[in-house]
Amino acid sequence: MRVAYAFPAFIAGLVPVASLAQAPQPLWSLESAVELLDAIDGARAEGLDPRDYDPAQLKQAIGGGIGPALDTAASERFRHLARDYAQGHVGAEDRLSWFIAGPKLSDADTDALMARALTDGKIGPTLGQLLPSDARYLRLRSALAATSAKDAARVQAIRVNMERWRWLPRSLGARHLEVNVPSYTLTVISDGHIVSARRVITGKPSTPTPQFSATVTGLILNPWWDIPQSIVAESVGKLIRTRPAVAQARGYVWSGSAVRQRPGPTNSLGQMKLVMPNPFNVYIHDTPSKSLFAQATRGFSHGCIRAQDPFGLAGELLAQQPDWPRAKIDEVVASAMTQKVHLSAPLPVYVLYFTAEADASGRLTIFPDIYHRDDVVAAELVDRGALDYVG
């Protein structure tokens, strides 16, 4: 699901893009340039390296007074910082299995933003409005400010996850689902508040769950399982060839290379699956292996997401549909008949990878980097040595 980025209101109604090309370069005053210099230093609080924006050259240009040299130096740095705040510093190639469409700040948008900031004399606040406003990002920022530079591992974890927040759409939806792979949790969120949370099982390191967004349009009770060819080749195909009677007893039905599993309590999808079309064929579903939820580390799947209390989740998603009370859900499940139920209001789902989060009291929790992705992001954030954070 591609989510369009809604730019802050102050961008609306500016000079049309076609006329920006003919507009003269914004003239930076010394006061605005100094404010930009302060904003660059403030990037440290956002987990970014001020040296990426070459403040020394900007200082030199300020020393030379107003004119073309200052305009060029300040404009280049404003654009660079605006892009990093709006869409993240780390390029797509180093985000590692991250397929969520985030904000995109075009050159025209950036120049319009800069023109308005110069007119209003609000360089820092204008840039600041590009950052995530989610409370979880703000709590990580507070945790970073409270962390000693000597705790390099903690600093890195906070900075990496603040960066991941910048990759996300600024609005995730008033009501939506989130799966955080490193914490093995699924949460239902409404108006910024967690409505419920449950454990999940995610992909093994050898078959990692990708990070993506989709739209949940419904759910299937007592689903069939259309088995991916990779799993047929890995295990099910051999069972069918060598022990066909056992394969039939387990509910497998095959025709040529296509294999399905009948609905029922032993179906690998369990008895509930969310309808959330996506190019990865990764779904949230029930599981017959419920004992695995007791494990602290729950990376056991081929990539799909197995949810604890699936019928409770179904009840929450159908809570606004009076013709689908929880009792009816249980009745259909008990019947063993396959039934697809459409949601009256589809909702977004985000499968995420956050290895650090801070609560409202400031306590930081760091989760295992089960797919070894943090170091790659950290290397892009600190490509000229560690910053001198003061905690």
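The values are calculated or read from the model by the stated rules, or taken from the named source; none is laboratory data. Quick caveat, the model's predicted, so the values are computed rather than measured. Cβ: placed from backbone, ideal geometry, glycine included. Neighbour counts: every protein chain shown. Just the protein is used for accessible areas: all its heavy atoms, side chains included, with ligands, DNA and RNA removed. Shrake-Rupley method; radii C 1.70, N 1.55, O 1.52, S 1.80 Å.
Quick check: anything in the range 264-282 closer than 30 Å to residue 316 by Cβ, open to solvent by less than 60 Å² (accessible area, probe 1.4 Å) and charged (D, E, K, R)? Yes.
Yes or no, residue by residue, for (1) farther than 27 Å from residue 127 by Cβ; (2) of a type in the set (Ser, Thr, Tyr); (3) out of contact with any Asp or Glu (no Cβ under 9 Å at 6 or more places or on another chain):
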residue	(1), (2), (3)
167	no, no, yes
173	no, no, yes
177	yes, no, yes
187	yes, yes, no
190	yes, yes, yes
197	yes, no, yes
201	yes, no, yes
211	no, no, yes
214	yes, no, yes
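At least 2 residues being open to solvent by 60 Å² or more (accessible area, probe 1.4 Å) is the threshold, and among the strands (runs of 3 or more DSSP E) wholly inside the range 170-223 those reaching it are 193-203. The residue of the range 76-108 that is surrounded by the fewest Cβ atoms within 10 Å (Cβ to Cβ), among those that are under 28 Å from residue 59 (Cα atoms) and among the hydroxyl-bearing types (Ser, Thr, Tyr), is 106.
Yes or no: residue 41 modelled with pLDDT of 95 or more and open to solvent by 20 Å² or more (accessible area, probe 1.4 Å)? Against the criterion (modelled with pLDDT of 95 or more and open to solvent by 20 Å² or more (accessible area, probe 1.4 Å)), residue 41 qualifies.
The conditions of being assigned to a helix (DSSP H, G or I) and at pLDDT 95 or above are not met by residue 131. Among the residues of the range 245-275, the ones that are assigned to a loop (DSSP other than H, G, I, E, B) and over 18 Å from residue 308 (Cα atoms) come to 6 in all. The residue of the range 276-294 that is farthest from residue 231 (Cα to Cα), among those that are under 25 Å from the mean Cα position of the chain (by Cα) and not in a loop (DSSP other than H, G, I, E, B), is 293.
Filter the range 52-75 for residues that are part of a loop (DSSP other than H, G, I, E, B) and open to solvent by 40 Å² or more (accessible area, probe 1.4 Å) and give the result. Once the filter is applied, which keeps residues that are part of a loop (DSSP other than H, G, I, E, B) and open to solvent by 40 Å² or more (accessible area, probe 1.4 Å), the range 52-75 yields 54, 64, 66. When we screen 86, 69, 56, 92 for residues that are touching a residue at least 40 places away in the same chain (Cβ under 8 Å) and at negative phi, the only hit is 86. Listed by position, the helices (runs of 4 or more DSSP H) enclosed by the range 295-381 that each have at least 1 residues that are open to solvent by 40 Å² or more (accessible area, probe 1.4 Å) and over 30 Å from residue 48 (Cβ atoms) are 310-317, 326-335.
All of 113, 105, 140 fail the test of being assigned to a loop (DSSP other than H, G, I, E, B) and of a type in the set (A, V, I, L, M), apart from 105.
Take the conditions of a type outside the set (Lys, Arg) and either surrounded by 15 or more Cβ atoms within 10 Å (Cβ to Cβ) or in contact with a Pro (Cβ under 7 Å, 6 or more places away or on another chain) (or both) and apply them to residue 256. Does it pass?
Judged against the criteria, residue 256 is not a match.
Taking the range 233-253 as the search range and keeping residues that are among the hydrophobic types (A, V, I, L, M, F, W, C) and open to solvent by 20 Å² or more (accessible area, probe 1.4 Å), which one is modelled with the lowest pLDDT? Filtering first and then ranking leaves 233.
Could you pull out the residue among 86, 9 that is closer than 27 Å to residue 172 by Cα and modelled with pLDDT of 95 or more?
Every option except 86 fails the conditions.
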